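Please read the structure below before turning to the comments.
Nothing in this text is a laboratory measurement; each read-out follows from the coordinates by a stated rule. The structure displayed is predicted, hence computed values, not measured ones. Note that each Cβ is placed from the backbone with ideal geometry, even for glycine, and that neighbours are counted across all protein chains shown.
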Amino acid sequence: MIGASTAGLLLPISASHGDTASELSTMLTRAIPSSGEKLPVIGLGTWEVFDVELTQDRENQLGDVLSLFVKLGGRLVDSSPMYGRSEEVIGRLATKLDLHDKLFLATKVWTRGKQAGVESMERSMARLQTKRIDLMQVHNLVDVETQLSTMRDWKAQGRFRYIGVTHYNSSAFSEVEKILRSEKLDFLQINYSIMEREAEQRILPLAQERQVAVIINRPFGGGNLFSRVRAKPLPDWAAEFDCRSWAQFFLKWIIANLAVTCAIPATNNPEHLRDNLSAGVSRLPDTKTRQRMVELVSSL
């Protein structure tokens, strides 16, 4: 989610890119190495923001967010059983709005033991109201070998299209590296942001080497980045890569790394969603500019 200080800097995609058809064509995409299928570089996270009781007002609000997400070219929506009601909310809205075929649904298994994993993944399918999940991930590497074994079987059966692992803390990167080297994965989801750059050292290069797609969580450092830049103006040179808000500044920095497939900022606000997705349209910073961006944010 983005802070109130950016509200005056939002850039509606439609304001500069015309109708819906052109919006869909202008979102930058990256290929999933294991298949060649392309995904838009900005997705949607659901931690906290979709963990709500669906009153009529909230159903309308989140339905608007999900519909706008698809309209503006978004596809990947990421959830987890540990996100409370998020899976159930996504499933209900996707069914009601007939969006299942337009979404790339990713969720996770977060438990120990084979049978507990099977039951968890069955519940996820029921909550998401689907018989096939696009991406199943082992959340935070919990009982990773056991869960991957089941996930491979289910992928072979067509119940999952892709499988992967996740973590949100750089302290686990040594274990992540071991799994990347020893297991054949389609996806890796990790934390990476302009002030959490540890993934650049070994994990992102290794993912490229192993031909694993990378989803980025915590793209705003859990919201801490907005505290750092609150009330600070964007630098004039941000216009050189079509950046109109701090949210776009942070997201463009991430997706300019070619090892990144998709970043998943979470929001339940349509204006913030539109702003986030605008980061995936038009120019991105080059290597020299990315370093300049780091230096600026580090100095604030």
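Here are the numbers:
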{"quantity": "Spin-label pair SER282/GLN157, simplified geometry with 7 Å Cα→Cβ offset, distance in nm", "calculated": "4.8"}
{"quantity": "Simple spin-label estimate for ASN169 and ARG85 in nanometres, 7 Å along Cα-Cβ", "calculated": "2.9"}
{"quantity": "Mean projection area, nm², convex hull over Cα of region 194-243", "calculated": "4.8"}
{"quantity": "Estimated FRET transfer efficiency when R0 is 22 angstrom, pair GLN208-SER35 (beta carbons, to 0.05)", "calculated": "0.85"}
{"quantity": "Semi-axes of the equivalent ellipsoid for the chain, Cα gyration tensor, largest first, Å", "calculated": "29, 23, 17"}
{"quantity": "Theoretical gain in end-to-end length, THR55 to GLN201 [0.36 nm per residue, Cα-Cα removed]", "calculated": "48.1 nm"}
{"quantity": "In nm, spacing of pseudo-spin labels at ASP101 and ASP236 (7 Å Cα→C-beta vector)", "calculated": "5.1"}
{"quantity": "Percent of beta bridges antiparallel (DSSP, the chain, rounded to nearest 5)", "calculated": "15"}
{"quantity": "ALA263 long-range amide H proximity, modeled H, under 5 Å", "calculated": "ILE42, GLY43, ILE216"}
{"quantity": "Using a Förster distance of 22 Å, the FRET efficiency for SER298-LEU258 (Cβ separation, nearest 0.05)", "calculated": "0.45"}
{"quantity": "From phi via Karplus (6.51, -1.76, 1.60), per-residue ³J(HN,Hα) for region 247-259 in Hz, x at Gly/Pro", "calculated": "4, 5, 4, 5, 6, 5, 4, 5, 6, 6, 7, 5, 6"}
{"quantity": "Under 5 Å, built H, 5+ apart or other chain: amide partners of SER34", "calculated": "ALA213"}
{"quantity": "For VAL109, residues with placed amide H under 5 Å, excluding near neighbours", "calculated": "GLN137, VAL138, HIS139"}
{"quantity": "DSSP bridge pairs, region 151-300: antiparallel proportion in percent, nearest 5", "calculated": "10"}
{"quantity": "Degrees separating the helix 173-182 axis from the principal Cα axis of the chain, which is the longest one", "calculated": "50"}
{"quantity": "Per-residue ³J(HN,Hα) for region 209-225, Karplus 6.51 cos²θ - 1.76 cosθ + 1.60, θ = phi - 60°, Hz, x for Gly and Pro", "calculated": "4, 8, 6, 10, 5, 10, 9, 9, 9, 6, x, 9, x, x, x, 5, 5"}
